[in-house]
Structures are given as C-alpha cells and as structure tokens.
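Asker: So that we are looking at the same thing, I have put the structure below in structure tokens.
The values are calculated or read from the model by the stated rules, or taken from the named source; none is laboratory data. Remember, it's a predicted structure, so these values are computed and weren't measured experimentally. Note that we place each Cβ from the backbone using ideal geometry, even for glycine, and neighbour counts take in every protein chain shown. Quick note on the areas: whole protein, heavy atoms, side chains included, nothing else; ligands and nucleic acids left out. Shrake-Rupley method; radii C 1.70, N 1.55, O 1.52, S 1.80 Å.
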Amino acid sequence: MIKNFFKKNSKSTEELVEHNDERVALTALLIKIAKSDYEYSSLEKSSIKIILKKRFSISELEVTDLITKAELLEDESSDSVRFTKVIKEFVPLEKRNEIIEIFWELVLADGIREDDENSLLRILGSLLGVNDRDVSFARQNVQIKL
C-alpha cells in the first residue's frame with residue numbers, strides 16, 4: 001500500500017512536467033536554486049516572479065499559478081534531471097546560455113553568491129549542455145547588467 005502511494009505521487013509529478021512546456025520546468029529550477037542556500041526568501045520569490053513575467057510575458061495570476069505548481073513539483077523531486085530534460089526539449093542549445101543567465105540573475109539578486117549556488121549552477125549548466133566556461137561568461141554578463 002505504501003509502495004503504491006509513492007508510486008502514484010511520483011507518476012503525477014512526472015505527468016505534470018511531461019505535459020507542460022518549459023515554463024514549469026524553468027520555474028521549478030529557479031525555486032531549486034533559490035532554496036539551494038537553505039533560505040527561500042521573499043526577495044528570491046519576488047525575483048522569480050519578475051524573471052517569469054519578463055521571460056514569458058504573463059500576468060501576475062499566471063505567474064502565481066506557475067509558481068504554485070512548480071513549488072509542488074520541486075518539493076516532490078529528488079533531482080533536476082527531469083526539469084532540464086524538458087528545457088532541452090524546448091530550448092535549442094544556442095539559446096540555453098539565456099537560461100543560465102536567468103539562473104544567475106536569481107543567484108545574484110541578493111548580492112551574495114554562496115558556494116552551494118555556484119555548484120548547482122555548474123551542475124545545471126552541464127545538464128543543459130552548457131560548458132563551465134559559458135556558465136562563467138553568463139555570470140559575468142549578468143554582473144555587468146546589474
């Protein structure tokens with residue numbers, strides 16, 4: 001019975017990610033990044049909203065719904081692979097640096113770069129097919145903009 005409970009919850013999470021576009025996957029990864037320093041602050045939540053509105057040109061209500069769904073998925077997920085797989089499906093390789101820049105925008109929003117955040121961005125870059133050099137260039141581009 002317990003085995004079926006976990007199997008059922010795991011399946012629903014996979015279905016939610018598989019049947020959506022990059023928006024849910026990207027939002028879940030942003031939430032994972034925000035939580036990587038063990039503090040999911042209101043500044044980070046606000047930054048995620050701004051990033052999503054800008055990236056997808058969506059309303060406040062749509063952003064709120066997207067974040068709610070992505071928080072559930074991120075809480076249930078043990079890794080980032082399924083989210084990066086979805087992004088790779090929808091975002092061509094030459095545009096994935098933009099995704100990494102979005103990640104850096106969030107990391108640098110509070111002005112503090114934690115080691116855990118750095119490590120996670122290197123991992124996400126690798127999972128998205130973006131090399132370490134380009135991850136570093138993306139960070140530098142964001143720092144210049146900020």
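Asker: Quick check on my filter: what residues within region 101-117 are without any contact (Cβ under 8 Å) to a residue 60 or more places away in the chain and of a type in the set (Gly, Ala, Ser)?
Answerer: Within region 101-117, just Gly111 meets the criteria.
Asker: With respect to the numbered conditions (1) open to solvent by 20 Å² or more (accessible area, probe 1.4 Å); (2) on the phi < 0 side of the Ramachandran plot, which one is the sole condition not fulfilled by Ile31?
Answerer: Here Ile31 meets the rest and fails (1).
Asker: Please verify whether region 71-92 includes one or more residues that are within 21 Å of Glu44 (Cβ to Cβ), β-branched (Val, Ile, Thr) and over 11 Å from the mean Cα position of the chain (by Cα).
Answerer: For region 71-92, residues within 21 Å of Glu44 (Cβ to Cβ), β-branched (Val, Ile, Thr) and over 11 Å from the mean Cα position of the chain (by Cα): absent.
Asker: The conditions are (1) more than 15 Å from the chain's Cα centre (by Cα); (2) at pLDDT 95 or above, and Leu52 fails exactly one of them. Which is it?
Answerer: That leaves (1) as the condition not met.
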